[in-house]
4 protein chains.
Amino acid sequence: MTAPEPCFDIAHLGHVEMLTDRYEASLDFFTRVYGLKLSVEDETGAYLRAWDDYEFATLKLTRADTTGVGHIGYRAASPAALDRRVRAIEASGYKVIGWVAGDPSHGRAFRFEDPFGHVFEIYYDTVRYEAPDEADRAALKNTASAFTGAAPRRLDHLNLLSSDVAEFRRFMQTCLGARVTEYIELDNGRIGGCWFTVNNKTYDLACTEEHGGATARLHHVTYATDQREDILRAADIFLQNGVHIETGPHKHAIQGTFFLYVWEPAGNRVELANAGARLILAPDWQPVKWTQADRMKGQAWGLKTIESFHTHGTPPTSTG
Amino acid sequence: MTAPEPCFDIAHLGHVEMLTDRYEASLDFFTRVYGLKLSVEDETGAYLRAWDDYEFATLKLTRADTTGVGHIGYRAASPAALDRRVRAIEASGYKVIGWVAGDPSHGRAFRFEDPFGHVFEIYYDTVRYEAPDEADRAALKNTASAFTGAAPRRLDHLNLLSSDVAEFRRFMQTCLGARVTEYIELDNGRIGGCWFTVNNKTYDLACTEEHGGATARLHHVTYATDQREDILRAADIFLQNGVHIETGPHKHAIQGTFFLYVWEPAGNRVELANAGARLILAPDWQPVKWTQADRMKGQAWGLKTIESFHTHGTPPTSTG
Amino acid sequence: MTAPEPCFDIAHLGHVEMLTDRYEASLDFFTRVYGLKLSVEDETGAYLRAWDDYEFATLKLTRADTTGVGHIGYRAASPAALDRRVRAIEASGYKVIGWVAGDPSHGRAFRFEDPFGHVFEIYYDTVRYEAPDEADRAALKNTASAFTGAAPRRLDHLNLLSSDVAEFRRFMQTCLGARVTEYIELDNGRIGGCWFTVNNKTYDLACTEEHGGATARLHHVTYATDQREDILRAADIFLQNGVHIETGPHKHAIQGTFFLYVWEPAGNRVELANAGARLILAPDWQPVKWTQADRMKGQAWGLKTIESFHTHGTPPTSTG
Amino acid sequence: MTAPEPCFDIAHLGHVEMLTDRYEASLDFFTRVYGLKLSVEDETGAYLRAWDDYEFATLKLTRADTTGVGHIGYRAASPAALDRRVRAIEASGYKVIGWVAGDPSHGRAFRFEDPFGHVFEIYYDTVRYEAPDEADRAALKNTASAFTGAAPRRLDHLNLLSSDVAEFRRFMQTCLGARVTEYIELDNGRIGGCWFTVNNKTYDLACTEEHGGATARLHHVTYATDQREDILRAADIFLQNGVHIETGPHKHAIQGTFFLYVWEPAGNRVELANAGARLILAPDWQPVKWTQADRMKGQAWGLKTIESFHTHGTPPTSTG
């Protein structure tokens, strides 16, 4: 009997650890302006979540002397699935860090690295968010906590930079069993960008080419909103609060997502996005290829991709 | 080694066959007012789809001397998954109809029945929609066909009536490997309604109690919209076209979906719905129980459930 | 030479004084939940405004031992226009209260009463809102203060109850030079409701029939939102905060406004409304008549008018 | 007795005549893609309107051997107001063309010219749109015709180019009694742009500086939508139909309008815009001044003004 396919060992992107060298300002931004909730704070930083994230934290904001991404956590579908993934990673030749104790937001996790220095972990045991008091209890018992009116509903995806997207793709397929939903193939034959999913979401991780000669950099982290209107309203809130709006609101050609990119005070890029009703339901989905000519058309409604989008990552390099 | 769990053999709800005894009027409604596209018409009826459904047809509108649902098609995740499901169904004791040839919208399918007379089929081989000409080709190659501005983006779910929801739940779990995401438990201990998913959608099938003493009835079929605004605009279009708006727009407490219910000319209930960014990502999701007291509060924003919602199904009975 | 017509002496509805016998709870509701800003508080109560109201206060919340409306303030178009209106009112036979000193929100005002006990005032000198600090300064200099993300953008209209709407119409035309844009004519020949404007808005005051045998009662006060989506989001905020949602969101047949009605803690009904791009631009607009048969159809999308809408006003009567 | 002030002799912008040298393609665009309705066609061209324009035509599309604007029609508030305006224009020294017979869309009109060659007319007698059959009759009797789902609800404004905006301002104040709501004052002291209103709308005509050395050119014509979402949906419709999207959707800093600019097939720029609930209600509104430094910040959310916005007008010049 052949192995069941497709069977997703990994359930979903669980959390991202973001580094900040302006911790107080970043925390103020994420809680007061961007609209996340603070679950708990400790000496290392803050554990944050959107109002409908079911886990205790989906963003760990860490005090650091730099910016960028600390680690990326994916939740496995079951203990057995976690075991299978660990064995696959150990057999892969990719760098293994090994088991680490959990933190306030989840149980023990297995850590490993992609060839570009990004640290990943997979875990199954998690900490579900429990409202500490009546004020944060959801009015509807099928949502995770009190609705605040803020734009972000749940963690959606992140984008990592790598000098070799094709190699990163192999990493994602091997270690996480991820599927490619869309990708950019440049005229020089290189993969300019690649979008991955481990479930029915159109993507939970994207990788685009590093042009700054750096390693282990973050391009952005994104939360999903319920409606496009949430993003338009957020744009006015960002404007009012003096936040640097890098580009948008507009609609991506790739993935068709409605987007808005801003920089939090330490310089990490964060996005709000809305995918509408789009999901990848076809089990035999054929990855969509975008050519360099396609990319020249700009975003879906013609907006040219802003230059800083190709250069700015965190931590910054001397060139961007 | 234990079997991988959760591993979804069934990929998604594929299509619904709806019966109409007012075929011309129903077809006019679905294409001109509701906003589906006609893929092809044959002597038995019309094959319809929303602009971003990837399959050739998601609604088969069948000329008949009655109304209601003909059959419900689910697409399997792979040929092997289809085999596994067939074996599980054959072993289940549920009534098997057996393999049937496909139709213009998909390949051969395995048919079986729930204890209430609803006919299901599962299939893997499908017919992908290919735009026949430039006019119907999508501007963005990651969508299935030309965007028309219409509200429905893709098939979302259906709701079936049964006299014993708990028994229907056993059927869905056994035959389709479906998970329960939310359910109503009445004070008398009966399950008043149950919502099922085979993937990360919050539900693709719901079952509510039959109060009319009938069998094999349909409660409604639903397409998903990208935004809530699409539903508000559709309400004005329905109003303008003299369509019977039964209830909505409003927000369900159960599942939190923004909804609008209308009756197509033959009396079948159809819905437009928007779930926002809500997905079931947790692999260990605990089904949400709604009590009779919860239901007394009405919908999320207090709208009382309209009486016809409890009585009207298709085909109609002498009592509703 | 004939007098110029139409020439509006009255520029717009300026403010409404609302009475509350649960002052602290009402103030908490209006500032924390409904989304108004507190301009100043004194021993009599609180002066509130929406983020884009240009005047210092559009809602005066007054500590009282009852609920309902204190007075209604309209701003004149010029000092000369104010004089003309005062002369017209003095000549009208309606009850004149006379000039009163202003309050923190405007200069001296001329007060008078309709035959049903509602107190009106007209004034020209006003106090423009000036942000006291950087935090409340608008990012865009064509808006009045910092955008907060809250639903209400500006005061829109109010609805007063009277036992004789036709007589109230004569009052509005005589004293304020108001135009009728829409009205309900019942089968018994009575005017069931009447909508008035003094400018290009579709209405800034409505009057509906008092069924409780009371005088001087308030039906509701309404703020305008930029988008319908603001109202849907507000519905979730009201739900989360345990606010009594009376009816909506839905669309009125009369005036076509998208609406949501809630009761603030003291029982006064307040609305959020969105009129889209609708304005009365035709100088020779013919009032739209709605018959009793029209009203039987319910609201635009079929929602039946909730019973409390016909009975609940403030202050309450023994019958509702 | 001093003259009543402010008293608007002009009620609203009534219609714009647009010239096209690609008549069939332009008509197809405006009716099938942009969403206007054809009232009637004659040998000179087509009379078009949005679904809620109360007049028979708000856009006259004229067969021509060039592009740009034919004439601009404003409706007066009354016959007496029309007389007053005619006398004011005759006394002004601006070029008078004189009375012309009406066309299918309105009665006789008085024509005159600004110093830059744009032809204006004012009229009072108009032709109200009457639905010719049941299919175009509005479901709600307070709207002008059947709702189609299309984005444009009513004519909103136009933008004209002139080599001397300050002089154009004098023209608008003298001839139409228009008020300035916002303007750009460049570092060289010139007025770079000016926004005018004759009623409570924030503007119905804008004038920006001509940089092409041409006269009598059009910058764009705009229809208002009910919601911002209508504009986002329209963007996808434009994309699907191969329409040149010049810039947007985004939010203007000036006037705060949410916008989308496209070029119809002959090259005339047309916009869809949404102002939310914003109106100029203050009778003593102080014009908002935007400096060159303000303009350097781009649009409200940071989008840089696209270069063609400064150069492209119709008819085109050799430089743009």
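The values are calculated or read from the model by the stated rules, or taken from the named source; none is laboratory data. Keep in mind that what you see is a predicted model, and the values were worked out from it rather than measured. Here the Cβ positions follow ideal geometry from the backbone for every residue, glycine too, while neighbour counts run over all protein chains shown.
So the values come out like this:
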| item | result |
| --- | --- |
| Segment D:295-320, residues that are closer than 18 Å to D:LYS251 by Cα and touching a strand residue (DSSP E or B) at 6+ places or on another chain (Cβ under 8 Å) | D:ARG295, D:GLN299, D:ALA300, D:TRP301, D:GLY302, D:LEU303, D:THR305, D:ILE306, D:SER308, D:PHE309 |
| Selection within segment B:182-209 - under 30 Å from A:ILE10 (Cβ atoms) and among the hydroxyl-bearing types (Ser, Thr, Tyr) | B:TYR183, B:THR197, B:THR202, B:TYR203 |
| Of all residues making up segment C:184-202, the number that are within 11 Å of chain D (Cβ to nearest Cβ), under 21 Å from D:LEU140 (Cα atoms) and not charged (D, E, K, R) | 4 |
| Subset of segment A:49-58 (residues that are more than 23 Å from A:LEU239 (Cα to Cα) and aliphatic (A, V, I, L, M)) | A:ALA57 |
| Test result for B:HIS106, within 21 Å of B:PHE8 (Cα to Cα), touching a residue at least 12 places away in the same chain (Cβ under 8 Å) and in contact with a strand residue (DSSP E or B) (Cβ under 6 Å, 6 or more places away or on another chain) | yes |
| Every residue from segment B:252-274 that is out of contact with any Lys or Arg (no Cβ under 9 Å at 6 or more places or on another chain), more than 18 Å from B:THR311 (Cβ to Cβ) and assigned to a strand (DSSP E or B) | B:LEU260, B:LEU272, B:ALA273 |
| Strands (runs of 3 or more DSSP E) within segment B:20-124 that include 3 or more residues modelled with pLDDT of 95 or more and either within 14 Å of another protein chain (Cβ to nearest Cβ) or under 21 Å from the mean Cα position of the chain (by Cα) (or both) | B:37-42, B:45-49, B:59-63, B:68-76, B:109-113, B:119-123 |
| Which listed residue, of D:ALA139, D:ALA135, D:ALA146, is out of contact with any strand residue (DSSP E or B) (no Cβ under 8 Å at 6 or more places or on another chain) and farther than 27 Å from D:ALA273 by Cβ | D:ALA135 |
| From C:ALA178, C:ALA216, residue being surrounded by fewer than 24 Cβ atoms within 10 Å (Cβ to Cβ), at positive phi and in contact (Cβ under 8 Å) with a residue 40 or more places away in the chain | C:ALA216 |
| Selected residue [within 26 Å of C:ARG228 (Cα to Cα), of a type in the set (A, V, I, L, M, F, W, C) and either touching a Ser or Thr at 6+ places or on another chain (Cβ under 6 Å) or more than 11 Å from chain B (Cβ to nearest Cβ) (or both)] from A:LEU218, A:LEU303, A:LEU272 | A:LEU272 |
| Only listed residue being of a type outside the set (Asp, Glu), part of a loop (DSSP other than H, G, I, E, B), on the phi < 0 side of the Ramachandran plot and buried (at least 18 other Cβ atoms within 10 Å of the Cβ), chosen from D:TRP290, D:TRP301 | D:TRP301 |
| Pairs where the first residue, in segment C:112-136, is free of Cβ contacts under 8 Å to residues at least 24 places away in the same chain and under 24 Å from D:TRP285 (Cβ atoms) and the second is part of a loop (DSSP other than H, G, I, E, B) and of a type in the set (Ser, Thr, Tyr), C-beta under 6 Å, 6+ apart | C:ALA131/C:SER145 |
| Residues of segment D:218-250 satisfying the condition of being out of contact with any helix residue (DSSP H, G or I) (no Cβ under 7 Å at 6 or more places or on another chain) and not in a helix (DSSP H, G or I) | D:LEU218, D:HIS219, D:HIS220, D:VAL221, D:THR222, D:TYR223, D:ALA224, D:ASP226, D:GLY242, D:HIS244, D:GLY248, D:HIS250 |
| Filter result (at the interface with chain B (Cβ under 10 Å from one of its Cβ atoms), of a type in the set (A, V, I, L, M, F, W, C) and within 23 Å of A:HIS310 (Cα to Cα)) within segment A:275-297 | A:ALA275, A:VAL288, A:TRP290 |
| Residue list for segment A:137-159, filter: assigned to a loop (DSSP other than H, G, I, E, B) and closer than 17 Å to A:GLU271 by Cα | A:ALA150, A:ALA151, A:PRO152, A:ARG153 |
| Matching option when the condition is buried (at least 19 other Cβ atoms within 10 Å of the Cβ), out of contact with any helix residue (DSSP H, G or I) (no Cβ under 8 Å at 6 or more places or on another chain) and not acidic (Asp, Glu), among D:ALA150, D:ALA131, D:ALA109 | D:ALA109 |
| Every pair of residues 6+ apart whose Cβ atoms lie under 7 Å, when the first sits in segment B:232-256 and is within 20 Å of C:ILE237 (Cβ to Cβ) and at the interface with chain C (Cβ under 8 Å from one of its Cβ atoms) while the second is charged (D, E, K, R) and crowded, with 23+ Cβ neighbours inside 10 Å | B:LEU232/C:ARG228 |
